[in-house]
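One structure is given here, and the rest of the page talks about it.
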Amino acid sequence: MRLRTAGGAVGLAMALALAVHLSGVSRSAAPASTPISVAIDQSRPGAPVPKDFLGLSFELSSLPQIARYGSRGDFPAMLRSLGPGVVRFGGVSADTRVAWTDAATPAPAWASSTVDVRDLRALRTLATKSGWRVLLTIGLAHYDARAAAREAAAAKTALGGWLAGIELGNEPDAYARHGLRPEPWTFSRYDAQVAAYRRAIEKAAPGLRLVGPDVSGSQIFERWGRDAAVSQRPALLAGHHYPLGCHDVPTPTISRLLSPRIRQAEEVSLRRYLSVSGAHSIRFRLDETNSVSCGGKAGVSNTFGSALWAVDYIAHTMLAGAVGINLQGNPANCRGYSPVCAPTSQQLADGALTGQPEWYALLLGKELVGARPVRAIVSRSRANVDVIALLGGHGELRVLIVDDDPPGAGPVAVKLHVGSRFGAASVLSLTAPSPAATAGVRLGGRGVGRDGRWRPPARLPRVANRAGVITLAAAPASALLITVPAAHAPSG
């Protein structure tokens, strides 16, 4: 469903009629619209969203293959299309399946795959071609401080300035639950092992940035994150978030993923993370997140519904004050969660990756990078709609409206109160045939190319500013980015 807009009261009627027309429903059968009013408080803007805010996260077991995409395939161009970013390698495989190997470190019997210096050199090629830095996880579960030091030193030499930091272990708070440590497994025991790793790493590779504690969720972060901030003083705090679990009862669904209850729980989670970050003056990055844990759920994680969730959550992470977010993915699994994947084994080998629905969420999120979060004051409504506002570097307002109501719900009539010092707005829409769609996603009416890059239309739909109010309609199961330039700025 694509949304077209026009200005004023007549424009609203036209927009509503067109939204209904494009949905395939006759005007006589169209559901009534739900009105909301939005005011923007620009008095206390937050810090600008960092340029490298956007990121991807992969299992460490994927590193050798993904690193070689620097010399083949579409991946460097895809990453460049998002601007600078951070690619993380970690996940459960970092502690359970992957080991470092070199002349002094033979592959252990427990490892099903390895990483060596050739992989790190290939990763540098990917980094230089894409402009993305690397966050690397070194396994802690199979304890070997000397091997960890050799790996860290090799990473520092191979990647140089492209190495954003080193993480020690993936979700170490959960080691006992997964049989990787005996009970009781406490922060103090974890901290002692990290301290030994750090001493060995500092001796072999002085000055490396530590990122951690990389825990499984915000509740445990309130303790482990606080204690790590005090005892370890990492360069960056990090943690994970999955709104739905693979073993949840009832089973994960699109409607649950897009529910107000999930959104409210995520706001609480982000406040926990950023409260610890602020209290200890250490920045926080959400370095692993996606829709459903354990690799995702087909019919949820690979759908447009997941893209709607992702763009809203990306924006809320910006609003909360985090310095970045990494969407977890698996390029070999197009049915689970992954912003990019390869439909066939040959395409996977060649690096011929395809942008999935969540890739569009990242492209829309890119439009918010560099802006400063401001407060959006939204009137009460029965609609399942979220509104996030930011102030751009040229004084323009950027307002993201995500309508998570299902198809068949009435469009939302939005009155955006911006005042007279702003001009007409442009509207960039994120749409698909339905929340369950796995294809047909469009950003500004256009799909991404074979290389994952998106080319914006020459001109976006416009909405007039009438007496300080911009009036438009948001169709159900869609997202809109409203850009309102200051009256003196070029309207573009």
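Every read-out reported here was derived from the displayed coordinates using simple, explicitly stated rules and does not represent laboratory data. Keep in mind that this is a model prediction, so the values were computed, not measured. Positions of Cβ are backbone-derived with ideal geometry, glycine not excepted, and every protein chain shown enters the neighbour counts.
Potential lengthening of the chain between E202 and A77 amounts to 41.5 nm, from the contour at 0.36 nm per residue minus the alpha-carbon distance. Reported to the nearest whole Å, the Cα centre-to-centre distance from region 461-481 to region 274-291 is 33. With an 8 Å Cα cut-off and a minimum separation of 6 or more residues, compute the relative contact order for region 39-186 in percent. Answer for region 39-186 is 24 percent. Residues in region 465-482 carry Karplus couplings, in order, of 8, 9, 6, x, 10, 9, 10, 8, 10, 10, 6, x, 6, 7, 10, 10, 10, 9 Hz; the curve used is 6.51 cos²θ - 1.76 cosθ + 1.60 with θ = phi - 60°, and Gly or Pro positions show x.
The fewest-to-most ranking of K51, K415, K297 by surrounding Cβ atoms within 10 Å reads K51, K415, K297. By other beta-carbon atoms within 10 Å, ranking W185, W309 with the fewest at the front produces W185, W309.
Excluding same-chain neighbours fewer than eight residues apart, the aspartates and glutamates reachable from K51 by a Cα-Cα span under 16 Å are D287, E367. Overall dimensions of the chain, expressed as equivalent-ellipsoid semi-axes from the Cα gyration tensor (√(5λ), whole Å, largest first), are 41, 23, 21. Using the Cβ-Cβ distance between A104 and A192 with R0 = 30 Å, the FRET efficiency computed as 1/(1 + (r/R0)^6) comes to roughly 0.75. FRET efficiency for the pair R380 and A464, taken as 1/(1 + (r/R0)^6) with r the Cβ-Cβ distance and R0 = 22 Å, rounds to 0.25. Taking amide H atoms as placed 1.01 Å from N in the peptide plane, the amide H of R88 lies under 5 Å from those of L56, S57, F58, L135, each 5 or more residues away in sequence or on another chain.
For E183 and A39, a Förster radius of 56 Å and the Cβ-Cβ distance give a FRET efficiency of 0.60, rounded to the nearest 0.05. For N302, neighbours were defined as the other residues whose beta-carbon sits under 14 Å from its Cβ, and their charges (Lys and Arg +1, Asp and Glu -1) total +1. In this entry, region 335-492 is assigned a mean projected area of 10.4 nm², taken as a quarter of its C-alpha convex hull surface. If a spin label sat at a point 7 angstrom from the Cα of R450 along the line to its beta carbon, the backbone N atoms of region 38-77 nearer than 13 Å would be those of 73-74. For the chain, the membrane-span-like helices by this rule, meaning whole DSSP H stretches whose C-alpha atoms cover at least 18 Å of axis and whose Kyte-Doolittle mean is -1.0 or above, are 8-22, 117-130, 145-159, 187-204, 218-231, 260-280, 304-320; this says nothing about an actual membrane.
When both bridge partners sit in the chain, DSSP labels roughly 50% of those beta bridges antiparallel.
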